[in-house]
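Working notes, beginning with the structure itself.
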Amino acid sequence: MVKLSDISFAYSKGRPVLEKLDLVLEAGHIYGLLGLNGAGKSSLLHHIAGLLFPDSGSASVLGMEPAKRSVKFLQTVYLLPEQLPATSLSANSYTGVYASFYPAFDKAYFTLLLKQFDVDPAQPLDKMSYGQGKKAMIAFAIATRARIILMDEPTNGLDIPSKRQFRKVIAGALQDDQLMVISTHQVRDLDNLIDHLLVLKDRKIILSASADHITNRLLFKNTVDPQQETGLLYAEGGLKGYATVVKNPNGQDSKLDMEIFFNALLTEKEAILAALNQNQTNHGILA
């Protein structure tokens, strides 16, 4: 559905934000896009959405070139930015204006999502709290039923119950012909939600792998003494001992801890990628 090949991009004459970046995204997945602040996550989403244009390389989304921004393209790709729109429209009025741009928009589903998020559909968006406004726009994004839904830091501003509801809604929203990319630096918010991880670092995607593949190759466990762990790759101290990432040659079951994995990948990149067998391209692992 999405293929970026050898993409490079810089703002004005500054340092490149993306450089020789390759990425393939397929339908039926919820992708988590992770990276440090300023790593280029928003720029990458804007390239997929056709809001930024590469200096070199090529982009194909659903067989279309995003930069051309054809009507068909705009109807099938939706980007939810981090910032809310500056509008005095209510959620219902906003839908009345913008839903027609998306032929698959599901008004009944939108109403249901607003109810689940406890958002008043008649209240002006600019009179809502930031969190309430964010939930209204999340509901609109999902209700578009766009083939590709991109979300940039969607959980910023949400309280803990709302984050839990967000995960529940997203988990039940994806259809077989859709894909979602959720960009965040708050990795805990994506636990148990995403099924494929993308990590952006040094202007490239340094890892693209399914959550299942990661947990098949790596074991996440807590321990008192990490030096006693065979195949130790990374350890991080906490109040209750150490969270560790170790090699998993026997395929033991463990829960993917995305925060620990992200920290491990940033500090022990070569060791982690080697353990994941980055040369096995059928798993989508990128060095």
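The values are calculated or read from the model by the stated rules, or taken from the named source; none is laboratory data. As the structure is a computational prediction, the values presented were derived from the model and not from experiment. Don't worry about glycine lacking a Cβ; one is built from the backbone with ideal geometry, like all the others, and counts go over all protein chains shown.
Would you list the strands (runs of 3 or more DSSP E) that sit entirely within the range 8-84 and hold 3 or more residues that are among the small types (Gly, Ala, Ser)? Walk me through it before giving the result.
On the way: elements: 18-25, 30-34, 56-61, 77-80.
Because the criterion is at least 3 residues that are among the small types (Gly, Ala, Ser), the strands (runs of 3 or more DSSP E) in the range 8-84 that meet it are 56-61.
Scanning the range 1-30 for residues that are farther than 18 Å from Leu197 by Cβ and charged (D, E, K, R), which turns out surrounded by the most Cβ atoms within 10 Å (Cβ to Cβ)?
Filtering the range 1-30 for residues that are farther than 18 Å from Leu197 by Cβ and charged (D, E, K, R), the one surrounded by the most Cβ atoms within 10 Å (Cβ to Cβ) comes out as Glu19.
Give the residues of the range 168-195 that are among the polar types (S, T, N, Q) and under 22 Å from Asn216 (Cα atoms), sorted by residue number. Spell out how you get there, then give the answer.
Keep residues of the range 168-195 that are among the polar types (S, T, N, Q), which gives 175, 178, 183-184, 186, 192.
Passing the criteria: only Asn192.
Scan the range 40-49 for residues that are within 20 Å of Leu266 (Cβ to Cβ) and either surrounded by fewer than 21 Cβ atoms within 10 Å (Cβ to Cβ) or of a type in the set (Ser, Thr, Tyr) (or both) and jot them down. Spell out how you get there, then give the answer.
Step one: of the range 40-49, the residues within 20 Å of Leu266 (Cβ to Cβ) are 40-44.
Ser42, Ser43, listed by residue number.
Looking at Ala39, is it at pLDDT 95 or above, on the phi < 0 side of the Ramachandran plot, in contact with a strand residue (DSSP E or B) (Cβ under 8 Å, 6 or more places away or on another chain) and small (Gly, Ala, Ser)?
The answer is no for Ala39.
Would you kindly identify the strands (runs of 3 or more DSSP E) lying entirely within the range 167-211 that contain at least 3 residues that are of a type in the set (A, V, I, L, M) and over 26 Å from Arg145 (Cβ atoms)? Outline the logic, then answer.
Working: elements: 179-184, 196-201, 204-210.
By residue number, 204-210.
Restricting the range 102-128 to residues that are in contact (Cβ under 8 Å) with a residue 12 or more places away in the chain and small (Gly, Ala, Ser), which is surrounded by the most Cβ atoms within 10 Å (Cβ to Cβ)?
Per the criteria, the residue is Ala104.
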